[in-house]
Each structure stands twice: as C-alpha cells, then as structure tokens.
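The values are calculated or read from the model by the stated rules, or taken from the named source; none is laboratory data. None of these values were measured; they are calculated from a predicted model. Cβ: placed from backbone, ideal geometry, glycine included. Neighbour counts: every protein chain shown. Side chains included, ligands, DNA and RNA excluded: accessible areas come from the protein's heavy atoms. Shrake-Rupley method; radii C 1.70, N 1.55, O 1.52, S 1.80 Å.
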2 protein chains.
Amino acid sequence: MPTYSAPTKDMQFVLHDVLKVSQSDIPGYDELDPDFTSAILEEAGKLTSEVVAPLNVVGDKEGCRLENGVVYTPKGFKEAFEQVKEGGWTGLDMPEEFGGQNMPYVIGTAVGEFFSSANQAFTMYQGLTHGAASAILAHGTDEQKATYLPNMVSCEWTGTMNLTEPHCGTDLGLMRTKAVPQGDGSYKISGQKIFISAGEHDMADNIIHLVLAKIEGGPEGIAGVSLFIVPKFLVNEDGSLGERNGVSVGSIEEKMGIHGNSTCVMNYDEATGFLLGQEHKGMRAMFTMMNEARLGVGMQGLSQAEVAYQNALTYARDRLQGRAITGPEAPDKAADPIIVHPDVRRSLMDQKSFAEGARAFVLWGATMIDAAHRKHDADADGLVSLLTPVIKGFLTDVGYDMTVKAQQVYGGHGYVEEWGMSQFTRDARIAMIYEGANGVQALDLVGRKLAQDGGKHVMAFFDLVKTFIKENSGKDADFDAQFMEPLKNASKDLQAAGMYFMQNGAKNPNHALAGSNDFMHMFGHVCLGLMWAKMGLAAKEALANGASDVAFYETKLNTGRYYMARQLPATALHLTRIQSGADTVMALDAANF
Amino acid sequence: MPTYSAPTKDMQFVLHDVLKVSQSDIPGYDELDPDFTSAILEEAGKLTSEVVAPLNVVGDKEGCRLENGVVYTPKGFKEAFEQVKEGGWTGLDMPEEFGGQNMPYVIGTAVGEFFSSANQAFTMYQGLTHGAASAILAHGTDEQKATYLPNMVSCEWTGTMNLTEPHCGTDLGLMRTKAVPQGDGSYKISGQKIFISAGEHDMADNIIHLVLAKIEGGPEGIAGVSLFIVPKFLVNEDGSLGERNGVSVGSIEEKMGIHGNSTCVMNYDEATGFLLGQEHKGMRAMFTMMNEARLGVGMQGLSQAEVAYQNALTYARDRLQGRAITGPEAPDKAADPIIVHPDVRRSLMDQKSFAEGARAFVLWGATMIDAAHRKHDADADGLVSLLTPVIKGFLTDVGYDMTVKAQQVYGGHGYVEEWGMSQFTRDARIAMIYEGANGVQALDLVGRKLAQDGGKHVMAFFDLVKTFIKENSGKDADFDAQFMEPLKNASKDLQAAGMYFMQNGAKNPNHALAGSNDFMHMFGHVCLGLMWAKMGLAAKEALANGASDVAFYETKLNTGRYYMARQLPATALHLTRIQSGADTVMALDAANF
C-alpha cells in the first residue's frame, strides 16, 4: 500500500527561505514565524499521513454507495472526518466570528496540499464546503452568514457547488434550472444538476447547496443566471434543522477515480432556495471565488504528483533490477536498485523538480490572494487573477503527466491496483477537467486575462521577472549561466508569444486561440523557472549563511539546475507552435476530419 | 456508449497509395491488390465494429472472474471468439500447412489494428496465442509444430508467454523458476509467474504456456534461461487431450484497465514441460519474436488513440457549447458545436495527425518484417530491429497522451465511466508497460540498437531519409517548405543527438542513457515526419492523377501540414535536453532525493 509523508521541511523552506512570509506586510503574516508554521505543519502532517492517507485506498476500493436516497461514504471516512473537524482544520483560514482561526490563506493552502496528497477524494468534502462558505462570506447577508457559516466553518454542515447540467458545463448561459419567486423572498428551484461533488453523503447533518438557476422572466443567457442557497434541511429561526427540502440525489456517478467522493446527479423539485448576492449576478458571485477555487485545483495537480513521486522514489530505491552501466553500485546484492539507471533518474527528477517548483508557485499565488484580501492590494489581485488559469491548467496537466511517470517507475506493478499507483493517476485525471476544463483555462488566459486592464497585469509580470533577473545577476557566473540565462530566455519566448498574439490576433482571433494551450504551458514553465531561480538563490543564501543541512540546500540547487536544463527549454517549442498560427489548426472543414 | 468504425479507407491509402504493396517484390505481396485487401478490410471492419467493439465496455465493467480455479471471461466473449475463429481471422498470416491463410504479416497487422481498436482486452487472447505460435513455429521441432500449431492457429487452443516473476521483470537473469530434467526429454517446471495475460480462461479447450525457467545446474543469470512448452492439458500421441498438468492460476490481478483480459498469477508445481529451442537459449528464442510482439504493442498505442479520437470527434461535432470567436457557425442552434473552437481543433488535429502517421509507421514496419521473413532481406531486418523500440515506445507513450486528449474533449463526461472514454485511457496505459516498459525500449534503442552492426542500420535510416528528401524536393516550393524542410530539420536534430551520444557516451555512458527517452521520442517524430511527407506526396500524386475524392486527399495534405508545423518541431526540444547531458540527471545521491 502506498504511503504519504508530509513534506514539512520543503514547505517551511518555501514559506520562510523563499517567500519570507513573516517579513511580509500583509496583515496577519507577522505571526507566521517559522516555529509557529512548523507546529501547524507538523501537526497537519501527522494527521494526514496517519489518519487521512490510509483511507485513500479504502475510498478507492469501496467507493460511495447510494441506498434509498442515502449515500454512504467508505468505511472510516466518517470517523476521520470527525477528527479533522475536532482539530479545527476545516476553519483554519476562516473568520473567528464564525468559528474559524483567521489564519492567512497561505497557511490553509500549505495544509491543504497535505490533505489533498493524503486523500484527494476525502479532502474534497471539506474543500467544497470551504468554497461554498467563501461564497456566502463574500455575498451573503448578515442573516445568511449567521445562519449558515458557523456550521459550515466547522463542517458540521458541508457545502456543494451546483453549476453543470446535462447539456451544459462550460456554457452556463444554456442553463435550464429555474427559480420561481415566492413573494416571501424565497424561490422555488427546479431542475437537474450533474457532477455535484459531495452532493449527498452521511458525514454531515445538513448539506448547503449553492445552486445556479435562472429566475423566471429574467434576461436570456448568462446574464440571467442567479445563485441560490438551497439547504438539504431548511434551517429554523432558532438554528435547528427544519423540514427536508425538495432536493434529492438521482444517482451517483461511476468515475475513473476519486471514488471516495460522491459525485451526484441532484434533482431539485420545487426546492426552497434563497438568493445569494444579487438577482442575475450569479456568475459574478461564482467568479469572486474562482481564483481561490482554481488555485486549489492546481494544488491538487501538485498534490497527486507529490505523493506519487514519494512512492515511486521508495520503489526505485528498493526494487533491484539490472546493474548501473558504470558498474555495480550494490555488488553485495543480486542487482542494483533501479534508481541507479539514468532513465529512472530522469523520470524522478522530472517529478521532483515539478512538485517542488509547483509548491512554490501555489504558495506564491496564495500570498497574492492574501495580499488582495487582507490589504486590498489591487496589483496582487490583478497578478493572481492573470496567473490563476496558469496555476490551474498547467499544474494539473503536468501534475497528471507526473503521476503517470511515477506509475511507470513501477513497471507492471504500477498497472495493478494492489500497489496504489493507478489510483494516483486516476484521481489526478479529474483535476484537468473540473473547475473549468484546462482548454477553458487557456482560453481565459489568452482571451481574457492577457488583455485585462489594458494588459497591465501581464506587463507587471514581465517587469517582475526582469527586475528579479537584473537584481540578482552578475554576482555568480555559474548561477547566472545555470539559472538566470535560462529564465531570461524562457521569459523572452513568452513575450514573443504575447507579441505574436497582439500582432496577429487582431486580424484573426483564431491565431491567438490556436496557441492558447501552448501559451498556458509556456507561462507555467516561466513561472516554475522563476520559482526555481528564487529557490536557488534562497539555497545559496542559506549555504552562505552556514546552514547546517548542507545536503538539503545543495539538493535544492541541483534540482533547480535540472529544471532549468531539462524542463524550462520547452518554452521554445511552445513558441514555435504558437508562431505557426491558426492556419493548419483550422484548415479542415468539420465534415472532413 | 462509444462506437468504432474501422478506418478501411485510410488503411487502403497507406497500403496502396503510400506503400504500394502490390508492386513490392516481397513474396506474396503481388496478391495484395486493392480489391483483395479491400475485401479483407471491409470484412474485418464489419466484424470488429459490429461484434467485437460492443463487447469492449462489457469486458471493462464485468471483468474476469476466478471461481474454483476456473476463470470466466465476460459475457459474450466466448461467442464472439467463436465468430472470430470461424472467420479464420486468427490464422491470417500463419502457414497454410497449419491451417493458416499464409498472408503477409502486413495484412495481419492492418486487421490487427481494427481488432485492437475495437477491443484491446479481447484481442489479446488471440494476440498472445499468435505470439506463442510464432515462437513454436520458429524454434519448435517438427513434432512440436504438428502437436500444437494447428490448434493454436485456429485458436482452439490459446497461448501465453510467461516471463515475469514477482521479483523480476526486466532483469530476467534473477529468475527463480526451475526446470528439472526427467531423463525422458521432459522437464518438471516449478515456480511462480505473474502478470500472465490470458493465463487462464474459458474460451479454449487447452492453453499452451510458454515458460522461461532455469534448468538446474545450468549457468548463472540470463545465460541459464531456457524456454519451455507447458500445456494446461498434456496432449496424447493421437492429439487428444490427456491429463491435467501441474499448472494452476493463483489469482487474477485487479488492474487499471484491460479488465476483459485475465491477467493471472500462474503457479507451476512440477508441471511437465518440453524444451522449446535449445537449452539455456531461452532469451534468444524469446527475442526472435520480439520485433513482431513489440510492433504489435506499438500498434495498440495507435489503436486506442484511433478509437478514442473517433469518439472525441463525434462528440465535438455534437456537443453544443459556446460560440465560435469569429461569429456563430450554427446560428439556428442554441450554441455552436465545440469543434468550432480552436483549442478543441488543436486537440483533434493532434490526435488525427498522430493516428494516421502512426498507422503508416506501423504498416511500414510490418512490410520490413515481411521482407526479412519472406525474402531474407538482412537490411530490412536490421532496420526494423532498430525501429522496433521506437514503434513500441513512442507510439504507446504518445498514443496514451492522445487517449487522454480525446477524453478531455468530453469534459466531465470523459471522467465518468458512462461514456466509455475513461476506458480507452485506462486500457491504453498498459501498452507503455508490457512487452518491455518504455524506459527499457529507450535503453534498447540507445544502448544496443544504435551501435548494432557498427551503426550500420541507423546510418541506413539517415540515408533513407536523405535520399527521400533529395529525390522528392525541388518540384513544388510550397510542398518543400511545408513538408521537406521540417523533415530535414528534424532529421538533422536526430543526427546531432546521435553525434552527441557518440562523442560523450564513450567518456561516460550516462550521457547517452540520460537522453535515451528523448532520443526515442525524437526518432519517433522523425519517422512520423517521414510518413507524413510520404503521405503528402501520395496525396499530391493522387490529386494530380485526377482522383475523384478530392476532399480525402486534401485532408491528408492538411493533416500532414499540421503535423509538420506543430508536432515535428519537438525534435529541437529533445535535442536540447539530450545535449544538456547527464550531469543534472545524475547529480543527486540516491539518499538526497
């Protein structure tokens, strides 16, 4: 069975050596000194590796079961969920007034990676609740907040997000779910929603569904979509649970992975709903949570790559097969461990350099979300908004590839379910799809975010990279050659791609959109290149300051060198593809495929 | 439920317009005129799409069941297998004297693609039998051939290949299964083999296991491995079935995919076995079939990409979501079909250009195997031996990526099992692993095949590309720019990589092996580039000759242009990685990962 060990030391390195969070002027960050964060991370690491991770395989094998309208989660989930709730982990970054601990989002994100690595399907129950609670926090009335948030922050009640219908997912303007005003401020909601994660289950007393629907007589299309709170049990004025609402689970989906999470078809049959936010502004209400939710999914890509890598590494150290080409390294054994083979190393280094780079990227993103929320930093908000589709799309695409690589290290043992590597691949697959399929992320990046506020945010990003390179070059020729030059080149490729879009997209927008996926990936590489340059500098600094754990920091430098030499140059290929334009992409009539 | 339609027209195009098989001097090819092959392909297309394909989902859902030592295949498999046998499909390219139809291997390969696309798990039963029969054909005594082949060619008896043991797969020298000579020419075989595809099932009267084992007292390691025939039921002298042999199924594996095929743990307990080929030359006996078996697996990569693509295309034409950025294309509908979106097109073109290029590559490989077998062409044998790891490794790696892309076109519907797209991905995953994991293919290519016969075969490949470019350039500037130049550049990249290995590998072999995976992939791209240039020329020729189906040939040209512009340039990235050498790959101590 696979195991998981929370990478607390790597996380501390990013938080303190790289991001230097406790020196930040973001309100609340001054409390984040290394001892404090270490205590949290160690505790979270213990819980996730000892309690949550062992249930991962159980959840996969058992799945969820629907019987007479009740969904039963896999054995052990309920008890573990109690432990998570008791530890206060579900409200880590929620306001104190609703029972949370008011910590910065960056801490919630760091801990979230551990949970997600340990058991993605399990963690989604609290993740969805967090998302729904955030929406109520941002858009709810005081009464709604008081009614729902305390129980949602503690996860006594869980939450869901209901967007997709059978005939529409991306294009929500086609939505058919209806809301009929009842005159008393409530609405009757009717329609069918599909792919509703944690839609129904046995781990909470109540489930608070957030449902997108169209108010009868409202505007056509997306402009007529509103967001509603539809509790499974209506809540009485005294806060006790009232009558059962008209919402029921139609079926649970059989999926490729995340079997431990109940993905439901939800039927709303004149269910009582309460408007959240303004009429017809449902999409806006959804979008305010989007950066956070998408960053969370990007983190899932990383989280599965991390845990799959950990197990692949263990296997590569244990499995004896063949001899090193440069001569036996374990002559006393029947064969060398396969980690001696260059191609196995290449695969492990791909995985390691991705996971560590991605971790820094996600945490950096989280600090920007904190800056936006806690100190109303519009620049940080704009930048993280630009980077969100990159975090989501790039990290889940590549994260998936990395789980496949980790699985491959096991050979045939990676294909049988016994070793658990197949599950990481199957679970990781969903992150490329939900919370906006990655093609939609690329479209959002190129079609919307690039030009947002007159292109201000992308210019800010390029400035940031340029300034970073300028300020940190010229002191160490080797470091410049190994880190700064590759970063400079990759950043130039990215700018050239942006320039191509500007020059050609105006004539024909297909020239931009045909390159959107490549652009998202090259942007991701530049971000990870930037993270590795920052991590490399931090490691050099630590070594220069006489850090005791020399091997740890040397390894950071070596892993960074690998990323720079082997991964970052991918930007050139993406640029070539982008510059080939839309002609070959769009040449065929649909009938001639 | 997904559907499958055999691409008979594309297959005919490759056989006749591109490879011009009926004009070849390979014995037996003169019979392969377009009408003849068309009749076979149409018939095979009908059988596979109507009978075999509908069982694909059934096999996945039901899987195989072990009860009291008996393995039951999914509902309908037995009846379909009867139809396949009755049609004579199992012995298409087997000698007439054993009941086969003696057709060239290229025809078996073409038909094999259809079968594998329709139902990979089902097709493996006959595929493994074909492999085992080929081994007996190549290495068996006349008596062994007479005893086993007629029933194996007809698939009344099926076959298996037993290599892997729990502690060894790639490094078979570590093998523990023992063979004890009995003095009467037979051996007693004892040991455990794992991952045995079609190891036990209910579709044949007898199962002929080919088992690698070490004869007691023989040489250590791989030099002491011999190959044995171990029938499930011993065969009496009159050909009737005798007593049950000491071989039994221990368990069947629960796998990520190919659920319809029974992957067994096989226990040999003093089972009677008969030496196949020479003592201690078991690996040689296995290797003579390797080109064929690995080409077959490479073809599986293509086959799953093809069927997944077909379904993604249908979905992209049907699913209405959003509007084309250049203006509505289906204004009468609520939204445009998603095939209008550039990023969906990019994905479909990736899939299409891969599947068609890969098909040509596989069939070209099959003609070389025919040339080697049927006219003892040593050059063809050397070239296909060089290309075999490329066909296996590249086509299954990329084939898998393509099934993931096809699945992605479905959004959330690709993740639920209902639509069948997850199965293509899960099934395709195995082809990267079995018949030598792809890392081993890359090692075989760079560590063995490149230098084979003094590097003669790789030089022959470069000459072939160079001559092709030279002979076909200078007549059409557009075609040269779109096809020939990219091919020339990619081929140069490949040569530069080979040069890097020569110059640096001698000093430190890790410099070569650290680039083996990239080399395999760039080699694959050059081969597909060559195929697309050939297909482009053939399409141009057909159009010049007044072919009536103009759209078909124009589409070939457009698809080729796409591959050349968007896929082939990947060689430059692979070269960059290779030229970065082994230093960053090997920098870490195993303990420091």
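Accessible-area loss of 20 Å² or more (1.4 Å probe, protein heavy atoms, chain alone versus all protein chains) is found in the range B:348-371 for B:Met349, B:Lys352. Our helix-only sum for chain B, with -39,500 (n - 2.57) per DSSP H run of n ≥ 4 divided by its residues, gives a mean residue ellipticity at 222 nm of -17000 deg cm²/dmol.
Between the alpha-carbon centres of the range A:167-195 and the range A:528-561 there is a gap of 52 Å. Ranked from shortest, the separations from the 7 Å Cα-to-Cβ label point of A:Gly454 to its equivalents in the other copies are 7.1 nm. Charge dipole (Cα centre; +1 on Lys/Arg Cβ, -1 on Asp/Glu Cβ; no other charges) of the range A:289-436 amounts to roughly 200 debye.
Roughly speaking, to the nearest percent, how much of the protein assembly as shown's 1.4 Å accessible area is carbon and sulfur? Don't jump to the answer; show the numbers that get you there.
Numbers: 20330 of 41180 Å².
The value for the protein assembly as shown is 49 percent carbon and sulfur by accessible area.
Find which of A:Phe228, A:Ser24, A:Gln408 sits farthest along the positive direction of the dipole of chain A, computed with +1 on the beta-carbon of Lys and Arg, -1 on that of Asp and Glu, about the Cα centre. Looking along the dipole axis, the top candidate is A:Gln408.
Averaging the Cα positions of each part gives two centres, and for the range B:408-463 and the range A:206-255 these lie 47 Å apart. Averaged per residue, chain A has 35 square angstrom of accessible surface, using a 1.4 angstrom probe with ligands and nucleic acids left out. Distance between the modelled labels on A:Arg244 and B:Thr467, one decimal in nanometres: 7.9 nm (7 Å Cα→Cβ projection). Tell me, rounded to the nearest percent, the portion of alpha carbon pairs in the range B:8-286 spaced more than 29 Å apart. Summing the P(r) of the range B:8-286 above 29 Å gives 36 percent of all pairs. Relative contact order of chain A, taken over Cα pairs closer than 8 Å and 6 or more residues apart, is 13 percent.
Taking the Cβ-Cβ separation of A:Glu50 and B:Ala590 as r and a Förster radius of 30 Å, what is the calculated FRET efficiency to the nearest 0.05? Spell out each step's value before the answer.
Numbers: r = 26 Å, r/R0 = 0.88.
Using R0 = 30 Å, I get an efficiency of 0.70.
R0 = 45 Å: FRET efficiency of A:Glu485 with B:Ile325, Cβ-based, nearest 0.05?
Values: r = 37 Å, r/R0 = 0.82.
Calculated value: 0.75.
Remark: spin-label model distance A:Thr3-B:His376 equals 6.0 nm, labels positioned 7 Å along the Cα→Cβ axis. Dividing the mean sequence gap of close Cα pairs (under 8 Å, 6+ apart) by how many residues the range A:289-436 holds gives a relative contact order of 37 percent. Report the net charge of residues surrounding B:Thr288, where surrounding means a beta-carbon distance below 13 angstrom and charges are Lys +1, Arg +1, Asp -1, Glu -1. My count for the surroundings of B:Thr288 gives +1.
Taking Cα centroids, how far is the range A:296-357 from the range B:265-342 in Å? Each part's Cα centre sits 27 Å from the other's. With a Förster radius of 30 Å applied to the C-beta separation of A:Gln83 and A:Ser22, the computed FRET efficiency comes to 0.55.
Of all aspartates and glutamates in the structure, those lying under 15 Å Cα to Cα from B:Lys178, and not within fewer than 8 positions of it along the same chain, are B:Glu165, B:Glu216, B:Glu220, B:Asp269, B:Glu270, B:Glu279. The residues packed around A:Gln482, meaning those with a beta-carbon under 10 Å from its beta-carbon, carry a net charge of -3 if Lys and Arg are +1 and Asp and Glu are -1.
Top to bottom by accessible area (1.4 Å), largest first, where do B:Lys507, B:Lys352 land?
Details: B:Lys507 155, B:Lys352 15 Å².
Final ranking, largest accessible area leading: B:Lys507, B:Lys352.
Helix B:105-118 and the long axis of chain B differ in direction by around 80°, with both axes built from C-alpha atoms. Relative contact order for the range A:440-540: 39 percent, from Cα pairs under 8 Å spaced at least 6 residues apart, divided by residue count. Burial annotation for the range B:500-515: residues with an accessible-area loss of at least 30 Å² between the isolated chain and the complete set of protein chains, computed on heavy atoms with a 1.4 Å probe, are B:Pro509, B:Asn510, B:Leu513, B:Ala514.
If only the Cβ of Lys and Arg carry +1 and only the Cβ of Asp and Glu carry -1, the dipole of the protein assembly as shown around its Cα centre is close to 2200 debye. Summing +1 for each Lys or Arg and -1 for each Asp or Glu among the other residues whose beta-carbon sits under 15 angstrom from that of B:Ala538 gives 0.
If you fit an axis through the alpha-carbon atoms of helix B:550-562 and take the longest principal axis of the Cα set of chain B, what angle between them do you get, 0 to 90°, nearest 10? The answer is roughly 80 degrees.
Dipole magnitude for the range A:454-588: about 260 debye, using +1 per Lys or Arg Cβ and -1 per Asp or Glu Cβ, origin at the Cα centre. Each copy carries B:Glu554; placing its label point 7 Å along the C-beta direction from Cα gives inter-copy distances of 6.4 nm, listed from smallest up.
Starting from the amide H of B:Glu270, placed 1.01 Å from N in the peptide plane, find each other amide H under 5 Å away whose residue is 5 or more places distant or on another chain. It is B:Ile189, B:Ser190, B:Gly191, by chain and number. Compute the long axis of helix A:378-409 from its Cα atoms, compare it with the longest principal axis of the Cα atoms of chain A, and write down the angle in degrees, 0 to 90, nearest 10. It works out to around 70 degrees. Take the accessible area of B alone and of A alone, subtract that of the pair with a 1.4 Å probe, and the total buried over both chains is about 7700 Å². For A:Asn245, the residues 5 or more places off, or on other chains, whose built amide H falls under 5 Å of its own are A:Phe233, A:Leu234.
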